[in-house]
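Structure record follows, encoded as structure tokens.
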Amino acid sequence: MLFRVDHASPVPLGDQIAASVRGALADGSVQPGERLPAARTVAESLGVNVHTVLRGYQRLKDEGLIDPRRGRGAVVTGHASPARARLTEHVGRLVNEARTLGLNDEEVVALVRSGLATG
């Protein structure tokens, strides 16, 4: 699995790592049941702190995309569909763009509700 980060990006590195996994799910290069590389291995290959990778993995766990298993690494869950991964990636881009524009959480939620009402 290929992880990519841009150290110059305003997007936190942990979020970029999570986005790499989502992207791999979306394009089918990672399937449910596959094991992700150990956080330490990813950290060394990217030149980042292991806690940065763990933050990315935690985000994926919170989204229900991976199941971290102590001592055995993280496994992509059966709930991790490519379509859901793509949608989650789009939501992440929406949130990042909203932050760039200075919108607060309530304004972003209002925009999404408006889109739901008209869509």
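Only one of Pro32, Pro12 is touching a helix residue (DSSP H, G or I) at 6+ places or on another chain (Cβ under 9 Å), free of Cβ contacts under 8 Å to residues at least 60 places away in the same chain and farther than 18 Å from Leu87 by Cβ; which?
Exactly one of Pro32, Pro12 is touching a helix residue (DSSP H, G or I) at 6+ places or on another chain (Cβ under 9 Å), free of Cβ contacts under 8 Å to residues at least 60 places away in the same chain and farther than 18 Å from Leu87 by Cβ, namely Pro12.
Scanning the stretch 51-82 for residues that are in a loop (DSSP other than H, G, I, E, B) and more than 13 Å from the chain's Cα centre (by Cα) yields Arg70, Gly71, Arg72, Thr77, Gly78, His79, Ser81. If only residues of the stretch 15-27 that are in a helix (DSSP H, G or I) and open to solvent by 20 Å² or more (accessible area, probe 1.4 Å) are counted, the one that is modelled with the lowest pLDDT is Ala26.
Looking across the stretch 83-107, the residues that are surrounded by fewer than 14 Cβ atoms within 10 Å (Cβ to Cβ), assigned to a helix (DSSP H, G or I) and over 12 Å from the mean Cα position of the chain (by Cα) come down to Ala83, Glu97, Thr100, Asp105, Glu106, Glu107.
One line per residue, one yes/no per condition, for (1) within 26 Å of Ala24 (Cβ to Cβ); (2) modelled with pLDDT of 85 or more:
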position: Thr77; (1), (2): yes, yes
position: Ala85; (1), (2): yes, no
position: His90; (1), (2): yes, yes
position: Asp105; (1), (2): no, yes
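In the set (1) closer than 30 Å to Leu101 by Cβ; (2) in contact with a strand residue (DSSP E or B) (Cβ under 8 Å, 6 or more places away or on another chain); (3) without any contact (Cβ under 8 Å) to a residue 60 or more places away in the chain, the condition left unmet by Leu25 is number (3). Evaluated against (1) surrounded by 14 or more Cβ atoms within 10 Å (Cβ to Cβ); (2) at pLDDT below 85, Arg70 falls short on exactly one condition, (1). When the stretch 28-49 is limited to residues that are part of a helix (DSSP H, G or I) and surrounded by 14 or more Cβ atoms within 10 Å (Cβ to Cβ), the one that is farthest from the chain's Cα centre (by Cα) turns out to be Thr41.
The values are calculated or read from the model by the stated rules, or taken from the named source; none is laboratory data. Keep in mind the model is a prediction, meaning the values are calculated, not measured. Because the Cβ atoms are built from the backbone with ideal geometry, glycine has one as well, and the counts that use them run over all protein chains shown. Each accessible area value is taken on the protein alone, full model and side chains, heavy atoms only, with ligands, DNA and RNA left out. Shrake-Rupley method; radii C 1.70, N 1.55, O 1.52, S 1.80 Å.
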